[in-house]
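Here's the structure, in structure tokens; my notes come after.
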């Protein structure tokens, strides 16, 4: 029988996603959305798909740099199929893809689960740093706009007070974690130290610059994929780079909110493009659905084929 924690972990994102799909489709008629799909320029969409595939290929190749110091030389085919299978499984249970990827590498490459999972966590740390870097770039490009937006929407005094309160709470939490011997504090401290250790391990590997180069390439492809797909809709041809970056950031967070970003991805785009930058809602929402649908379709196709082909591929290798 499923544990309540498991039910919540699976059920809440799924219900949230279904609710957001309903909300999104209540804001744009299905016929209008279908028309946007029909009128879209699929040359740009296909280019976006290619860029997305290149990012996943680079991710699969990058991971091999982390496996080599552990004494393993995984096959590129297994690494690539494990990446796509993980993305596909994340659509069923959020964050289960990382466990599945580690299991696949254990079964077909003989890499112990805990070691494989540790390298994937270190990968995620590098990706988190890149997302933070993109956030910093967006803030730098549009600091005045973002500052003015918050000042217009919220009371400046309330913002200052909230900032001071958050700072005090943060310092109190940091003091509690460093000084307390409670189970919770020790777990949080261990988690933070693990993140720092994982981050530093990147700089200890033999091919660290190749790893960093692939990391930059992966995220450049992510942003370019998002950017070029906007050209599929004439109404979005003049979207600013700042809007692209903020839209990309919000869309990235939306993927973690629901299963693969279902429902949340289009609405994250609407918040960025329409609410923040004043673009029309319909094309913004349609772009979100086009972007999410095409990338999801590719993951379903390649991820599904990967799960089917993995045992065949490795049986052939064993025979050879």
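The table below gives the values:
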read-out	value
Förster-model FRET efficiency, 30 Å R0, residue 240 and residue 207, C-beta, rounded to 0.05	0.25
Additional length obtainable on full extension of the chain from residue 315 to residue 50, 0.36 nm per residue less Cα span	92.5 nm
Translational diffusion coefficient (Stokes-Einstein; Kirkwood radius from C-alpha pairs) of region 19-319 at 20 °C, 1.002 mPa s, in µm²/s	100 µm²/s
Residue 15-residue 216 pseudo-label distance in nm [points 7 Å out on the Cα-to-Cβ vector]	4.6 nm
Spin-label model distance (nm) - residue 275 vs residue 68, 7 Å beyond Cα toward Cβ	4.5 nm
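No lab work stands behind these numbers, since they all come straight from the coordinates. Given the structure is predicted, the values throughout are model-derived calculations rather than measurements. So basically every Cβ, Gly included, is an ideal-geometry build from the backbone, and we count neighbours across all protein chains shown.
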